[in-house]
Amino acid sequence: MARGRVSLARQVLILQLAVLTVVIAAGAILAVFDARRDSDDATRQEVLGIAVSLAQAKSTAEALHSPDPTAILQPQTERIRIATGMDFIVVMAPDRTRFTHTNVDQIGKPFSGNIDRALRGETFTETYTGSLGPSIRSVTPIYDNGAIIGLVSAGVTRAKISEQVKHGIPVILGITAAGLALATIGSVLLSRRLRRQTLGMAPAELRTMYEHHDAVLHSIREGLLVFPSRSPDVAEVVNDEARRLLDLPEGAVRRTDLPESMQVLTPVVVRDEMHVTPNRVLVVNRDPVEWEGRTIGTVLTIRDHTELEGVIGELDSVRGFAESLRSQAHESANRLHTVITMVELGRYDEAVQFATAELELSQHLIDRLMGSVQEPALAALLLGKVGQASERGVELTISDDTALDSPAPLTTHEAVTLIGNLADNAIDAALSSPDAWVEVTVQEVDSQLVVKVADSGPGMSADDLARARSRGYSTKDNHRGLGLALVSQLVARYRGTITAERKPAAEVVVTIPRTAS
């Protein structure tokens, strides 16, 4: 993590903790106030009930008619006060004179507080500061034969209520601490998940990465696809070049939309693997993407190699022709030395016969090809393949009925690719037989370009041919292994056909209509 910056995950964690702390603290404060309010409400109900019960007791009215009400009522009210937790219970005359009080010094003195409503026959509860301090008290009248003969007031001081609330505060604080702890743990876990998803980046880095990502994806001339490990069947990133090179539809791209040879996404690094699609030859690289020791996805990069592959194919043909010329030059030198030696030995007739026999054989093939194949590059290719096959111990012949005015509709490059790959595959196959041979036929039949390549190898069944055509990729440094896939690409482009037979000899036949576009 770069110095001086805070990741998005950490910023979210800090914000969450701050918000949760404020919310939980506010909740705790509100809980304390709510507990205080509930305690006040409960106290009001309690003092009201005690005052009314005592006022309605028959013994209370009888005591008020006695010569000494205090002697009778003071012990009773104290027992009730202690049992119920009241701070005071006062029984008084209508003129406020106290008959009972918690503090006996207050007995006989006037009651401090509002009694007018009670004298009118109303029972009420109020908060008032009396001789014991602020308290919640209820005042209710005492009746005898319909007349008010006294009043009862019961109350609890605020100090006692506060003590009761204080006893509940530790519970509230404990619940608050537990809630804060759980919220912190949840926030940390969420932060870790967010950190994994954002790769520990800060918001500015994410914004910059997105801007660069978007700009690069639309500007690079290399196809790019990213498949995440969590959902490997749907591409997470597909740029414009990848859609163009693979002819992908708009919208989501599934792995099944890729060419069959590119659908395997193993976590193995692949470098410069050649793939053939119906329209292109592509170079593919595959890299697993790792983060903190985990593979989080697979990246495919794709480069168009179509034109370069055509040039390479033509270059291979020219190189093969050059190698053939070099070999023939070497053989010619050997024959020349032989002729010179025979002349020096005085064997003139044998020398002439030896020289002209070899010359006539080579010249005959050259003259026949140059006369029947009007495209010089194709004639040179066939001559080169003859020499190349000979060096590998394979007898390659050009059939007598080979004749071609033009490779149309194929271009010269495409024709070289087609015939060269078929010939190379046939030479490789023929090497498995003791008497290795290959025969190539190129001709026009019923307005169709027909290329037949037969060999002494085992041949291919229809299923073998289908697998070879659909394989579509190669990791060989010289880009071979794509022969039939490249041929199949050309055949499909021009709406032709390709067939394979095993009897009477192994043979591959390619037919391309001249009218194909």
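Below are the figures for this structure:
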| item | result |
| --- | --- |
| Members of the stretch 378-400 found to be surrounded by fewer than 17 Cβ atoms within 10 Å (Cβ to Cβ) and assigned to a helix (DSSP H, G or I), listed by number | Ser390, Glu391 |
| Candidates Ala403, Ala408 - the one that is over 18 Å from Val487 (Cα atoms) and open to solvent by 30 Å² or more (accessible area, probe 1.4 Å) | Ala403 |
| Close pairs (8 angstrom Cβ cut-off, 6 or more residues apart or separate chains): among the charged types (D, E, K, R) in the stretch 36-53, assigned to a helix (DSSP H, G or I) and open to solvent by 80 Å² or more (accessible area, probe 1.4 Å) anywhere | none |
| Matching residues, the stretch 416-466, being more than 46 Å from the chain's Cα centre (by Cα) and hydroxyl-bearing (Ser, Thr, Tyr) | Ser432, Ser433, Thr441, Ser447, Ser456 |
| Qualifying residue in the stretch 97-104 (condition: hydrophobic (A, V, I, L, M, F, W, C) and touching a residue at least 60 places away in the same chain (Cβ under 8 Å)) | no |
| Checklist (1) surrounded by 13 or more Cβ atoms within 10 Å (Cβ to Cβ); (2) more than 16 Å from the chain's Cα centre (by Cα); (3) modelled with pLDDT under 80 applied to Leu282, failing item | (3) |
| Any hit, the stretch 31-43, residues being among the polar types (S, T, N, Q), in a helix (DSSP H, G or I) and over 21 Å from Thr102 (Cα atoms) | yes |
| Exclusive hit being modelled with pLDDT under 85 and either touching an Asp or Glu at 6+ places or on another chain (Cβ under 8 Å) or more than 25 Å from Ser162 (Cα to Cα) (or both), set Gly130, Gly113 | Gly113 |
| Residues satisfying the stated conditions in the stretch 26-41, i.e. more than 13 Å from Ile169 (Cα to Cα) and either among the aliphatic types (A, V, I, L, M) or open to solvent by less than 40 Å² (accessible area, probe 1.4 Å) (or both) | Ala26, Asp40 |
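The values are calculated or read from the model by the stated rules, or taken from the named source; none is laboratory data. These figures come from a predicted structure and were not determined experimentally. Note that each Cβ is placed from the backbone with ideal geometry, even for glycine, and that neighbours are counted across all protein chains shown. Heavy atoms of the whole protein, side chains included, go into the accessibility calculation; ligands, DNA and RNA do not. Shrake-Rupley method; radii C 1.70, N 1.55, O 1.52, S 1.80 Å.
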